[in-house]
Structures are given as structure tokens and as C-alpha cells.
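These notes concern the structure reproduced below.
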Amino acid sequence: MKYTLSTFLVGQLWPMPPVLRKDLSEKTAIVIGSNTGIGYETAKHFASMGVTRLVLAVRNREKGEAARKQLEEETGFRNAEVGIVDLTSFESVGNFVKEFEKNLDARLDILVLNAAIFPQLHNSRTKDGWETSHQTNHLSTSLLALLFLPLLSSTAKKYDTTPRVVVLTSGTHYRIQFDKNLIESENPLRHFDSKDYFDPQNAGAAAQQGRYNETKLLNVFFARALAARTPASHTYPTFITTAVNPGLSYSAGLNPDTDSRILKVAVSVLRFIFARSQEQAARQAVWGALADEAGINGSYITETTITESSDYVIGDEGVLAEEKLWNNLVDELSKINLKVQEIVDRYLTIPVPH
């Protein structure tokens, strides 16, 4: 699919339909990055639908508790709890999953993977040694989803339901494709993370935006690859994965890390004219989590509609890139957490062609 500037602008100005509503009693939802912005508004929508257990998964407990109190004041919902997860730390991701699974009656019906950041000029690498936006937006996000596969699968079986994994991505993935040299390299993700490929310290605003776009493309590939490997229960997947584009909205965490006043003013003007409210953007995530549409597993969603991904993603080059990146991802994450390969072998299947 071709995605032009006019397509983007019309989509941004087109009235959003009301939020899709369902009875979520007995359900459990985790929303990553839910102390503010789209994540908070998504959690707020779930709270209004009577979800039994709602986890606000955040990096900072103080901010998480403030969000929990605000949610209670605005909705009267009292079943929210704060979970601590820092996506710049693989250890934190593993600990978050362990802590959640301590409850023997734990179930997981909805997992919204929302956190994302622009490349940082300062603190550009995590303590794990990866470029910060790459680890946050792609590696840790993917690790969370994979580590939760056993619980998603057991929830599906025990409660005869179909859990959802919602990966928030971006329409910016239409603008780019990976160079063949990257995909054909021995280790694409390590090459992607190298200073030869991207050096945050010497990156201008355009390079930062390009890097962000690439991490969102990685999200699309991950969602498609995970969905293609999800085993079916009867004729329906054990769980459903969607890649959701919330559209342009104001989010402080997605401000370019730049000293350029001109760029900051340009971004502010663009958002003032075309940005959705965060609540409207959250409706997209909710739709991805609750809609019952044919072909929704592995789909890319924008404007609360299943939409074709970029020509690159669905073309021959994209199919090969998706396979190479998936295998590379599993290999790298298995070095980080020994459970990953075992989980992939046990809970996923041979991929079904898109």
C-alpha cells in the first residue's frame, strides 16, 4: 500500500468513531507505559468496561501510583495496580513477568505494548549495551511478549478465550525499508545497533526520526511474525496479535531530542493542527485489543480498520526480512533470557504464510 502525505492528513482530520466497548469482567489487562498519554487513556477505557484486574506497568512507582489514583478519581475504578518494568533493562522485564506470574490464579487476556521513545543524544546506550530506542521500542517489547506466551496460552486453554497482544507501532513504517546489506548481514540486529549504522551522538533530527521509524517497522515485522507462528485452537488462533497505529497525538516521550528551535516549533505546529487527543489515539489500541474481525491476527490497524501494510513489508523483500529478523531476534533474546528459546519451541509453531 502507498501511504501519501494526503492520506496521513486526511486520516488525522477524519472523525474518530466512538471507542469500541465490551464487557471485560473477569478479564485481566496489562498496559505498558500507562502512567500518561495513550497508555493511560487505554487503561482508562479498560477500567470503564469493568476489567477485573488492570496492571499499570510503568518505570517509576511514584508516577504509577499517581496515575492509579487519578484513574480511581476519574472512573471510580479500584482494581488497578502498579507494576514496575523498565524497558531499558532486560533484567527488569524478566522480573516484571516473574512478579506477575507469582499468583497461581494469574491470567492474562490483554497485553498492550505501548512504550516507545525517540533515540536519545544523551544516555544513548542502556546498561545492557544496546542503543536505547532499539532496546525500548523493539527488543524489550518483543521480550515481554515472548515471556508472557505461556500465560497467554494457559489463559486461552483454561478460560476458553482468545487473549490479545497489541503492539503499538506507527504509520511512519510506510516511509522506509531496510537496506539489503543490513538484512543480509550475519547479525542484522547487532549491525542495526552498531555505530557504523547509527551513531546517536552524531545524529541530526532527521536521523533520529529515521531511527524511530525503523524501530516501528521492526514492531510491524515482529507482530506479523508472532501471529504467523501462533498455534490454532480449532479454527481460531490461541491468541491474537495486532500492530496498531494510534496516529499522531501529543506525547512528551516522543519529542525529538534536539536543540533545534526550528524543529521544535515545526513539530509543535504540526501537532497543534493535526494531532489527535490522546484519548482518541487510545481508541485505536482498544479496537486492536477487542475487535472481532476476520483476518485480524497479524494485521496492521489504523483508523480502527484493518489496513494493508507497506508494499515493502508485504513484498518479497519484506517477507525475507521478516523471517531473518525473527530468527535473529529469537537468537539474541535467548542469550539474554534462557527461557526464550524454550518458550518459542513449546508455544509457537512453524510459520503460516501471510
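The values are calculated or read from the model by the stated rules, or taken from the named source; none is laboratory data. The structure displayed is predicted, hence computed values, not measured ones. Glycine also receives a Cβ, built like all others from the backbone with ideal geometry; neighbour counts cover every protein chain displayed.
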Being farther than 13 Å from Phe221 by Cα and either in contact with a Gly (Cβ under 9 Å, 6 or more places away or on another chain) or surrounded by fewer than 18 Cβ atoms within 10 Å (Cβ to Cβ) (or both) is the filter; apply it to region 317-341 and report the residue that is modelled with the lowest pLDDT. Leu338
Can you tell me which residues in region 275-321 are among the hydrophobic types (A, V, I, L, M, F, W, C) and within 18 Å of the chain's Cα centre (by Cα)? Ala281, Ala282, Ala285, Val286, Trp287, Ala289, Leu290, Ala291, Ile296, Ile301, Ile306, Val313
Within region 71-83, residues under 24 Å from Asp109 (Cβ atoms) and either free of Cβ contacts under 8 Å to residues at least 24 places away in the same chain or part of a loop (DSSP other than H, G, I, E, B) (or both) come out as Glu72, Gly76, Phe77, Arg78, Asn79
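For (1) among the hydrophobic types (A, V, I, L, M, F, W, C); (2) modelled with pLDDT of 95 or more, each residue gets a yes or a no:
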{"residue": "Gln120", "(1), (2)": "no, no"}
{"residue": "Phe148", "(1), (2)": "yes, yes"}
{"residue": "Leu152", "(1), (2)": "yes, yes"}
{"residue": "Lys157", "(1), (2)": "no, no"}
{"residue": "Arg164", "(1), (2)": "no, yes"}
{"residue": "Leu168", "(1), (2)": "yes, yes"}
Those residues that are part of a loop (DSSP other than H, G, I, E, B) and closer than 18 Å to Glu26 by Cα, I need them from region 51-70; list them, please. Val51, Thr52
Counted residues in region 137-159 being under 25 Å from Phe118 (Cβ atoms) and hydroxyl-bearing (Ser, Thr, Tyr) come to 3
When the residues of region 83-100 are filtered to those that are surrounded by fewer than 19 Cβ atoms within 10 Å (Cβ to Cβ) and over 21 Å from Ala29 (Cβ atoms), which remaining residue is nearest to the chain's Cα centre (by Cα)? Ser89
Restricting attention to region 101-115, report how many residues are surrounded by fewer than 21 Cβ atoms within 10 Å (Cβ to Cβ) and either of a type in the set (A, V, I, L, M) or in contact with a helix residue (DSSP H, G or I) (Cβ under 8 Å, 6 or more places away or on another chain) (or both). 4
Note on region 304-319: residues in contact (Cβ under 8 Å) with a residue 12 or more places away in the chain and closer than 19 Å to Asn213 by Cα are Thr307, Glu308, Ser309, Ser310, Asp311, Tyr312, Val313, Ile314, Glu317, Gly318, Val319
Tell me, yes or no, whether region 342-354 has at least one residue that is more than 20 Å from the chain's Cα centre (by Cα), assigned to a helix (DSSP H, G or I), more than 30 Å from Leu24 (Cβ to Cβ) and modelled with pLDDT of 95 or more. yes
Filter region 149-175 for residues that are hydrophobic (A, V, I, L, M, F, W, C) and in contact (Cβ under 8 Å) with a residue 60 or more places away in the chain; which is nearest to Ala223 (Cα to Cα)? Val167
Pull up region 1-37, narrow it to residues that are part of a loop (DSSP other than H, G, I, E, B) and of a type in the set (Val, Ile, Thr), then point me to the one that is modelled with the lowest pLDDT. Thr4
Filtering region 290-333 for residues that are closer than 14 Å to Phe178 by Cβ and not hydroxyl-bearing (Ser, Thr, Tyr) leaves a count of 16
